[in-house]
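Peer 1: Following this message is one structure expressed as structure tokens.
The values are calculated or read from the model by the stated rules, or taken from the named source; none is laboratory data. What you see is a predicted model; the values in this text were computed from it and never measured. Remember, those area values only see protein heavy atoms, side chains included, never the ligands or the DNA or RNA. Shrake-Rupley method; radii C 1.70, N 1.55, O 1.52, S 1.80 Å.
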Amino acid sequence: MDADSWSARLSSASKRYQLALQSRSDMFMGFEEIDGDDDVREEFPCPFCSEYFDIGGLCCHIDDEHPTEANNG
């Protein structure tokens, strides 16, 4: 499989994930947040700038800040 195909799949999957995440967050709108350990959320480094994000934030960050690099990589 070539790089363009993988890049297109990543971008498409990222957009689907963002839409699913948005629809799930809409369901919980108005509920109080449960106090818990915020350190449990795993963070991942951006492969292009090494900033850390949770998985959803990383997908959004790459789409917004590194679209050219993602298409070339």
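Peer 1: Could you rank Ile55, Ile62 by how accessible they are, 1.4 Å probe, largest area first?
Peer 2: Putting Ile55, Ile62 in descending order of accessible area: Ile55, Ile62.
Peer 1: Continuing with the same structure: So if each residue of separation counts as 0.36 nm, and I subtract the Cα-Cα distance between Glu65 and Glu51, what length gain in nm does that give?
Peer 2: 3.9 nm
Peer 1: Accessible area of Glu51, 1.4 Å probe, to the nearest 10 Å²?
Peer 2: Approximately 100 Å² for this residue.
Peer 1: If amide H atoms are built 1.01 Å from N in the plane of the peptide, which residues on other chains or at least 5 residues away come under 5 Å of the amide H of Phe44?
Peer 2: Phe53, Asp54
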